[in-house]
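What follows is a single structure, written as structure tokens, with notes after it.
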Amino acid sequence: MTVGNKRRQPSLAQLRAFAAVAEHLHFRDAAAATGTSQPALSGAVSALEETLGVTLLERTTRKVLLSPAGERLAVRAQAVLAEVGALMEEAEAVRAPFTGALRLGVIPTVAPYLLPAVLRLAHDRYPDLDLQVHEEQTASLLDGLAGGRLDLLLLAVPLGVPGVVELPLFDEDFVLATPADHPLGGRTGVPREALRELNLLLLDEGHCLRDQALDVCREAGRANAPVSTTAAGLSTLVQLVAGGLGCTLLPRTAQEVETSRGSRLRTARFAEPAPSRRVALVMRAGAARGAEYRELAAALREELRPLPVRVLDPGD
């Protein structure tokens, strides 16, 4: 149908409904994801088909399939919705900095040790900011940032990922966590080469700290690190060390928290330069709130100075 020689334009509600169905290929799941009823969702998709003059879905009694036109237009719909989201984000940033929602993604080997400082800073300096925290592994966080589900990440870098900007916060050394009776326990100046002979316990695959530990081993001349025991989190990993199953690498920010739970654990310091990791805030390149995120990074650097880290200047 045309009005005044101009075809009717689809509404954002229609595009959101179609995009949800295209993602889930199920009306019930799509309705749940969008917070609408199934009849309303189905009606919005039908209205979009009428507006566009094409069939987007093939409906059967058991499932929903995208038509050839639907497959092509689903990509367009997602792009339109992403642009609308960016427009709303920019408008929010222009209205007032450090207000509204900020969806922060944090990796599990950072969250327990840095979040107290982050939350304290947000509470004291940015009381109107609705900080929402999501703890996930690095790959999931990057997907969330790219897709617009997350706004800002706090994780270990470098990432080597296009389309993101890293705002370095600090470098921190690793320490070696050992059972209490281990000969290296409590020592300082431990050479990296000592890692060649240790039974090193690691986190599960997907944790960046696992990859960093393996990199340290390779730098120490250990070609591979046979893995017999892994853990889903640092707390479990430390308990395995305390139980005598092996040794592991701990970031300095985690040392006090993770070694204070019992007396069957000791730590050793590596000789300089000690193996280390860098932690940064990460945002999308060209983020509408980029200036806010840079200001937040500067404030966070000052907040983190009491921790056992080497705070970095913005140019580092």
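General observations
- Helices (runs of 4 or more DSSP H) contained entirely in the range 1-105, each with at least 1 residues that are of a type in the set (Lys, Arg) and either at positive phi or outside the structural domain of LEU142 (by TED's automatic domain parsing) (or both): 12-24, 27-34, 68-95
- Taken as a whole, the structure leaves GLU89 outside the set of residues that are free of Cβ contacts under 8 Å to residues at least 60 places away in the same chain and either under 25 Å from LEU41 (Cβ atoms) or buried (at least 17 other Cβ atoms within 10 Å of the Cβ) (or both).
- Meets criteria (at pLDDT 95 or above and of a type in the set (Gly, Ala, Ser)) for ALA299: yes
- Matching residues in the range 252-275 - criterion: being crowded, with 17+ Cβ neighbours inside 10 Å, of a type in the set (Val, Ile, Thr) and assigned to a helix (DSSP H, G or I): THR253, THR259
- Residue check for LEU209: in contact (Cβ under 8 Å) with a residue 24 or more places away in the chain, outside the structural domain of LEU307 (by TED's automatic domain parsing) and of a type in the set (A, V, I, L, M): yes
- For the range 184-241, a residue qualifies if it is modelled with pLDDT of 90 or more, of a type in the set (Ser, Thr, Tyr) and either outside any helix (DSSP H, G or I) or over 25 Å from SER263 (Cβ atoms) (or both), and exactly one does: THR188.
- Among the residues listed as LEU41, LEU56, LEU66, LEU25, the single one being touching an Asp or Glu at 6+ places or on another chain (Cβ under 6 Å), under 26 Å from GLY148 (Cα atoms) and surrounded by 12 or more Cβ atoms within 10 Å (Cβ to Cβ): LEU56
- Scanning the range 160-183 for residues that are crowded, with 16+ Cβ neighbours inside 10 Å and either of a type in the set (A, V, I, L, M) or not in a strand (DSSP E or B) (or both) gives VAL164, LEU167, LEU169, VAL175, LEU176, ALA177, HIS182.
- ALA139 meets the stated requirement of being in contact with a Gly (Cβ under 7 Å, 6 or more places away or on another chain), surrounded by fewer than 16 Cβ atoms within 10 Å (Cβ to Cβ) and hydrophobic (A, V, I, L, M, F, W, C).
The values are calculated or read from the model by the stated rules, or taken from the named source; none is laboratory data. If you're wondering where the values come from, they're calculated on a predicted model, not measured in any experiment. Positions of Cβ are generated from backbone atoms using ideal geometry, with glycine treated the same way; all protein chains shown enter the neighbour counts.
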